[in-house]
1. How much length would be gained if the chain were fully extended between residue 55 and residue 43, taking 0.36 nm per residue of separation minus their Cα-Cα distance, in nm to one decimal?
2. So what's region 109-207 giving for Cα Rg divided by 2.2 N^0.38 Å, two decimals?
3. Need the full-extension length gain, residue 159 to residue 144, defined as separation in residues times 0.36 nm minus the C-alpha distance. One decimal, nm.
4. Do any GluC sites (Glu not before Pro) in region 149-192 lie in a loop, going by DSSP, with at most 11 other beta-carbon atoms within 10 Å of their beta carbon, and if so which?
5. Please list the non-local residues whose amide H lies under 5 Å from the amide H of residue 83, H modeled 1.01 Å from N, same-chain partners needing a gap of 5 or more.
6. Hey, what do the phi angles of region 26-37 turn into as Karplus ³J(HN,Hα) couplings, whole Hz, using 6.51/-1.76/1.60 and θ = phi - 60°, x for Gly and Pro?
7. Longer than 22 Å from Cα to Cα, which of 64/167; 34/174; 80/122; 138/182; 34/122; 64/182 are they? Say none if no pair is.
8. What is the distance, in nm, between label points placed 7 Å from the Cα along the Cα-to-Cβ direction at residue 207 and at residue 177?
Amino acid sequence: MIITLFVIVLVLVIWSIYSYFASRVEQAEYSVVKNEKEYEIRSYPSHIVAQTTVTGSYSESMNKGFTIVASYIFGANTKKQNIAMTSPVVMQEGGSEKIAMTAPVVVGNEKETRTISFGMPKSYTPDTLPTPTDERVKIVEVPAKQVAVIRFSGYRTDTRIETMEKKLLDLLSKDTIEIIGKPSYAGYNAPWTPPWMTRNEVLIEIR
């Protein structure tokens with residue numbers, strides 16, 4: 001019994017350590033404008049993302065969109081160049097951002113249309129990023145904006161995301177904060193990360 005318990009603890013420790021170092025990637029820059037009791041307000045500078053728009057539930061969209069955009073950063077581009085992974089991966093309801101750059105973590109029936117975005121490393125500019133070879137991947141400049149954010153841990157599920165979206169919207173309504181657009185989901189960790197180490201967020205732009 002003691003040996004079994006020791007093995008379980010050892011596996012959990014190794015799992016946690018591995019996940020910690022595997023998640024040490026460049027993260028999106030932001031500054032905290034205000035801390036509320038259950039959410040915070042952040043300011044994000046303008047930044048570049050690679051993104052694709054897919055359809056399906058939260059989980060389906062994340063899986064499909066992640067695969068498409070990950071292919072771009074792992075070499076499906078005109079330079080056949082690997083681009084460092086960053087976090088978070090952002091999923092937003094609806095179509096892509098409107099400011100596209102031609103040379104990427106938003107509905108006919110928009111109800112299940114979602115955009116999956118990967119932030120590009122700060123070392124890149126629009127001119128130095130390679131062009132995607134998959135026409136489903138777009139390079140987009142996201143303008144500076146202010147957002148309200150609520151954070152939660154544990155594994156991502158459609159129900160949990162919907163619950164946190166509703167909670168954030170209710171809090172903002174109570175505090176009479178004007179929102180812009182639709183909520184987004186941001187995931188910071190690899191799928192194999194232990195649930196007690198995961199970082200998930202729901203964000204919505206505010207005026």
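1. Result: 1.4 nm gained on full extension.
2. 1.26
3. Extra length from residue 159 to residue 144 when fully extended: 2.4 nm.
4. Hits after loop and neighbour filter: 178.
5. 74, 75
6. Whole-Hz 3J(HN,Hα) from phi for region 26-37: 4, 10, 4, 7, 6, 10, 7, 7, 7, 9, 9, 5.
7. 64/167; 34/122
8. 1.5
We did not get these values from a lab; they are worked out from the coordinates using the rules stated. Computed from a prediction, not measured in an experiment: that's the story for all the values here. In this analysis, Cβ positions are derived from the backbone assuming ideal geometry, glycine residues included, and neighbour counts consider all displayed protein chains.
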